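Here the structure comes first, spelled out in structure tokens, and everything after it is commentary.
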Amino acid sequence: MILDIVSYPDPRLKSICKPVEKVTQDLRILADNMLQTMYAAPGVGLAAPQVGQFIRMVVVDYSAKEDLRMPRVLINPVLELKGEVIVSEREGCLSVPMGYRSNVPRYSHVHLTARDLDWKLIDEELEDFPAIVVQHETDHLDGILFIDRISRLKRTFFDSKVKKWLRRQK
Ligand SMILES: [Zn+2]
């Protein structure tokens with residue numbers, strides 16, 4: 001099932017999400033629906049709060065290839081940020097309107113730990129694009145959007161554009 005995506009400036013996107021305690025049938029269904037929603041968008045990642053569920057779960061596919069899908073479900077992801085600060089070019093988000101994109105500072109490496117749907121431990125080192133994707137998605141679980149990581153000037157410009165855009169939508 002394709003789920004509705006919560007869009008900025010909805011304050012629910014600022015929620016701090018709760019850890020998942022165990023995998024239930026409902027959680028499996030949610031993960032499956034989130035993957036379908038992500039692929040339909042299309043996107044490379046989607047976090048539970050983006051579909052109005054305030055739990056620490058994200059889905060990602062950083063293969064970014066339509067013919068070779070590699071869906072992954074990350075439950076309770078924890079990142080250790082490593083390496084150097086790099087520029088994530090033209091980052092976007094399914095919850096940020098107008099298809100707005102911006103360069104965002106991110107770390108080049110992360111050490112990721114998480115659980116999968118079988119509650120197996122995921123423990124891996126990621127770099128470059130996969131590292132950027134998990135940083136973006138894990139941020140959502142703490143109520144942070146990529147537009148919270150851009151310069152003040154760009155953010156002010158973006159917010160004024162969104163305001164005008166929202167007025168036109170009414
Ligand atoms: Zn996002």
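The values are calculated or read from the model by the stated rules, or taken from the named source; none is laboratory data. Just so it is clear, the structure is predicted and the values come from calculations on it, not from any experiment. Cβ placement follows ideal geometry from the backbone for every residue including glycine, while neighbour counts extend to all protein chains displayed. To get the accessible areas, we keep the full protein, side chains included, count just its heavy atoms, and leave off ligands, DNA and RNA. Shrake-Rupley method; radii C 1.70, N 1.55, O 1.52, S 1.80 Å.
Summary of values
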{"item": "Local electrostatic count, Lys14, Cβ distance below 11 Å [Lys/Arg +1, Asp/Glu -1]", "result": "-2"}
{"item": "³J(HN,Hα), Karplus 6.51/-1.76/1.60, whole Hz, each residue of segment 146-158, x for Gly, Pro", "result": "4, 5, 7, 10, 9, 5, 3, 5, 5, 5, 4, 4, 4"}
{"item": "Within the chain, percent of DSSP bridges classed antiparallel, to nearest 5", "result": "95 percent"}
{"item": "Rounded accessible area per residue of the chain, 1.4 Å, Å²", "result": "57 Å²"}
{"item": "Charge tally in the Cβ shell below 15 Å around Ala40, where Lys, Arg are +1 and Asp, Glu are -1, Ala40 excluded", "result": "-3"}
{"item": "Charge-dipole axis of the chain as Lys and Arg at +1 and Asp and Glu at -1 on Cβ define it, positive-most pick from Asn76, Met34, Ile147", "result": "Ile147"}
{"item": "Charge context of Ile86, other residues only, Cβ under 9 angstrom, K/R +1, D/E -1", "result": "-1"}
{"item": "Kirkwood hydrodynamic radius over Cα pairs of segment 86-170, then Stokes diffusion coefficient at 4 °C and 1.567 mPa s, in µm²/s", "result": "89 µm²/s"}
{"item": "Label-zone membership for segment 100-114, site Lys164, 7 angstrom Cα→C-beta point, backbone N under 14 Å", "result": "none"}
{"item": "Reachable lysines from Lys154, criterion Cα separation under 18 angstrom, eight or more residues apart if same chain", "result": "Lys163, Lys164"}
{"item": "Dipole moment magnitude, nearest 20 debye, the chain about Cα centre, only Lys, Arg, Asp, Glu C-beta charged", "result": "1160 debye"}
{"item": "Viscosity 1.306 mPa s, 10 °C: Kirkwood-radius Stokes-Einstein D of segment 11-169 over Cα pairs, µm²/s", "result": "98 µm²/s"}
{"item": "Selected from Ser95, Val58, Leu166, residue furthest toward positive end of dipole (the chain; charges at beta carbon)", "result": "Leu166"}
{"item": "Accessible surface of the chain, 1.4 Å probe, proportion on carbon and sulfur as whole %", "result": "53 percent"}
